[in-house]
């Protein structure tokens, strides 16, 4: 049985796509092994959001060559889509596959192995208009599963290269979403996370009038589903229908990730983000008014070109006022081919690092404050693992991490009394 090792860089969508590729290999009789092991085939699913992602992608290619210099090495993902010739020139690479050709992955590597010649399968993704619907085969059961239901983006934020790597909007059919969700539930997954490159735009590319709320409602109707969660969602695409589902359905997790990117209107405009800080704040107040226990996390880019020290300080003060629980802070990464790459007043790397640090400090404060609000309350916790020290951990619906020393099986939901701050979450006691 030939051995194949797969590894992933980047977002949850990439991780899901690697899972589906692993399933295709499994279906064809391949043994899946860890990427640190010697294998006959290595698949590297790359990221191109930042320079760091591309550098790590190249490092992983070289690591595969070191593990087995005679193996077939295939590179896919956003970096492969954007720079196929650059990757082709890396010693040891046998195949480069774009972001909409993953369904052919097994055929491509087998052809490369048979002919011992380079294979390129990278097409113009801007001409793609159909969702690449790859059924899942033999996904190994865990507590939480990510399900990709949308691909592509047409926002063209001035800092982002992803629309060029992923192409236009493509939505998975609701029938396919329900079918795959049912398989996940039947296979032992207790929580499903619906995601995409531009998730809130789900259905916009079709003529059937279906929206993200329709897809969510369909999945919530599946018997046996314990919890449904959404991936990253643009704030301006949080509809009233979606909020109504959050309010009314106990299986819909009270957690939204809404990227802000900057707390200053001038910077938002330069980023080509289509909202103001006032609109963002008003939406969050509306959401919290309807769902008081909801967890809202966000993304912030530090050091966007032209962002002055004063603008960053004002942004920080604005973010402090928001009812959020966590900040994912990133330094701006200059991406060739995007408008921001040629903007004047690029911010110094050391200054970007300093700003990220301040955002991370604020994030820690926000997370602590959010957790403190729930000390003394009783909440349902979906347990995910028991660590070597005997401590079990899991998450509440609003994504608070809960620890306990009581026996808790993976996949079990227990009502726990949350008693104190502990590590990066709260300590829980069994409720009898």
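The values are calculated or read from the model by the stated rules, or taken from the named source; none is laboratory data. Treat the numbers as computed from the prediction; the structure is a model and nothing was measured. Backbone-built Cβ (ideal geometry, glycine too); neighbour counts: all protein chains shown.
Taking only the stretch 84-132 into account, find how many residues are more than 25 Å from residue 199 (Cα to Cα) and outside any helix (DSSP H, G or I). Looking only at that region, the number is 14. For residue 407, the conditions (1) closer than 28 Å to residue 293 by Cα; (2) at pLDDT 95 or above; (3) loosely packed, with under 13 Cβ neighbours inside 10 Å all hold with the exception of (2). Here 161, 174, 222, 197 are screened, and the one residue that is under 15 Å from residue 146 (Cβ atoms) and either within 17 Å of the chain's Cα centre (by Cα) or modelled with pLDDT of 95 or more (or both) is 197. Among the residues of the stretch 308-352, those identified as assigned to a helix (DSSP H, G or I) and closer than 30 Å to residue 248 by Cα are 319, 320. Where helices (runs of 4 or more DSSP H) fall wholly inside the stretch 239-307, the ranges with 2 or more residues that are in contact (Cβ under 8 Å) with a residue 24 or more places away in the chain and over 26 Å from residue 159 (Cβ atoms) are 240-248, 277-290.
Listed here are the residues, each with its yes/no results for (1) buried (at least 18 other Cβ atoms within 10 Å of the Cβ); (2) under 24 Å from the mean Cα position of the chain (by Cα).
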position: 88; (1), (2): no, no
position: 104; (1), (2): no, yes
position: 112; (1), (2): yes, no
position: 115; (1), (2): no, no
position: 118; (1), (2): no, no
position: 121; (1), (2): yes, no
position: 129; (1), (2): no, yes
position: 132; (1), (2): no, yes
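Select from the stretch 49-83 the residues that are in a loop (DSSP other than H, G, I, E, B), within 20 Å of residue 336 (Cα to Cα) and free of Cβ contacts under 8 Å to residues at least 40 places away in the same chain and list them in ascending order. Within the stretch 49-83, just 83 meets the criteria.
Here is a yes/no grid of residues against (1) surrounded by 17 or more Cβ atoms within 10 Å (Cβ to Cβ); (2) over 25 Å from residue 367 (Cα atoms); (3) modelled with pLDDT of 95 or more; (4) not assigned by TED's automatic domain parsing to the domain that holds residue 342:
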{"residue": "267", "(1), (2), (3), (4)": "yes, yes, yes, no"}
{"residue": "279", "(1), (2), (3), (4)": "no, no, yes, no"}
{"residue": "287", "(1), (2), (3), (4)": "yes, no, yes, no"}
{"residue": "297", "(1), (2), (3), (4)": "yes, no, yes, no"}
{"residue": "307", "(1), (2), (3), (4)": "yes, yes, yes, no"}
